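First the structure, in the form of structure tokens, and then the observations on it.
The values are calculated or read from the model by the stated rules, or taken from the named source; none is laboratory data. Quantities reported herein were computed from a predicted structural model and do not represent experimental measurements. Positions of Cβ are generated from backbone atoms using ideal geometry, with glycine treated the same way; all protein chains shown enter the neighbour counts. Only protein heavy atoms, including side chains, enter the accessible area calculation; ligands, DNA and RNA are left aside. Shrake-Rupley method; radii C 1.70, N 1.55, O 1.52, S 1.80 Å.
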Amino acid sequence: MRHIRKGAAAIAATLILLLPLMARAEGTLPAGTVISVVIDQAVSSKTAKVGQKATGTVSQDVAAGGKVVIPKGSTAQLSVISVQKSGRLSTPAKLWLGLRSVNVHGRTYSVVTSAAGHTMGGKAKRDTVFIGGGAGLGAAIGGLAGGGKGAAIGALAGAGAGTAGAAATGKKDVEIPAEARLEFRTKAPVTIK
């Protein structure tokens, strides 16, 4: 009998400790609520395709009205919504992901959010300056060495060197590494039951 009482007391103590963890997350998140997600795998604009899926984990509790609606650790489904590989000179790489759903206590809830990602800066302007600068430098050197004809040859050589340099250095893809934290903002209310 004494063993039964000890066992019952241990079970009761365990249940008391677990009650806060077992509380159901429920409520409605208003539009504009931030959901922070840590992505599970790396994604690159070099290889990604629109619609490609990725998984992640909600990195902090998402609350509304003083209640946790989406608990930290909930799984998240993401997808690539916009991608472009880096091209030479004028095509900047871009990679944008959208949060599609979250799984809370075994149920999946669709969400509509803003995108998270990056578009590389406009390198066309920088490359144009680099190419033009090469032409100007080539013309100056050519002019000093051989007058007008030397300036023309120098300008062509400088522009060619500038173009080659821009092509070699300008190709850069967007990489989102595994365990990167992405923030999404809800565009419509999300109700978790």
Within the stretch 37-50, is there a residue that is assigned to a loop (DSSP other than H, G, I, E, B), more than 26 Å from LYS172 (Cβ to Cβ), out of contact with any Phe, Trp or Tyr (no Cβ under 9 Å at 6 or more places or on another chain) and open to solvent by less than 70 Å² (accessible area, probe 1.4 Å)?
-> no
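Rundown of residues vs (1) open to solvent by 70 Å² or more (accessible area, probe 1.4 Å); (2) modelled with pLDDT under 95; (3) of a type in the set (Phe, Trp, Tyr); (4) closer than 22 Å to VAL34 by Cα, yes/no style:
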| position | (1), (2), (3), (4) |
| --- | --- |
| VAL102 | no, no, no, yes |
| THR128 | yes, yes, no, no |
| GLY134 | no, yes, no, no |
| ALA145 | yes, yes, no, no |
| GLY148 | no, yes, no, no |
| ALA151 | no, yes, no, no |
| ILE192 | no, yes, no, yes |
Can you run down the residue pairs with Cβ atoms below 8 Å, 6 or more apart or on separate chains, where the first is in the stretch 54-67 and at positive phi and the partner is modelled with pLDDT under 95 and in a strand (DSSP E or B)?
-> GLY65/GLY27
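Residues in the stretch 42-66 that are among the β-branched types (Val, Ile, Thr) and within 11 Å of ILE81 (Cα to Cα): how many? Quick ask: steps written out before the conclusion?
First pass over the stretch 42-66, keeping only residues among the β-branched types (Val, Ile, Thr): 43, 47, 50, 55, 57-58, 62.
If we keep only those that are within 11 Å of ILE81 (Cα to Cα) as well, we get 50.
Total satisfying the criteria: 1.
Within 13 Å of the chain's Cα centre (by Cα), at pLDDT 95 or above and open to solvent by less than 70 Å² (accessible area, probe 1.4 Å) - does that describe any residue in the stretch 56-68? Full working, then the answer.
First, pick out the residues of the stretch 56-68 that are within 13 Å of the chain's Cα centre (by Cα): 56.
Narrowing further to those that are at pLDDT 95 or above: 56.
Pick out the ones that are also open to solvent by less than 70 Å² (accessible area, probe 1.4 Å) and you get 56.
Scanning the stretch 56-68, I find at least one residue that is within 13 Å of the chain's Cα centre (by Cα), at pLDDT 95 or above and open to solvent by less than 70 Å² (accessible area, probe 1.4 Å), so the answer is yes.
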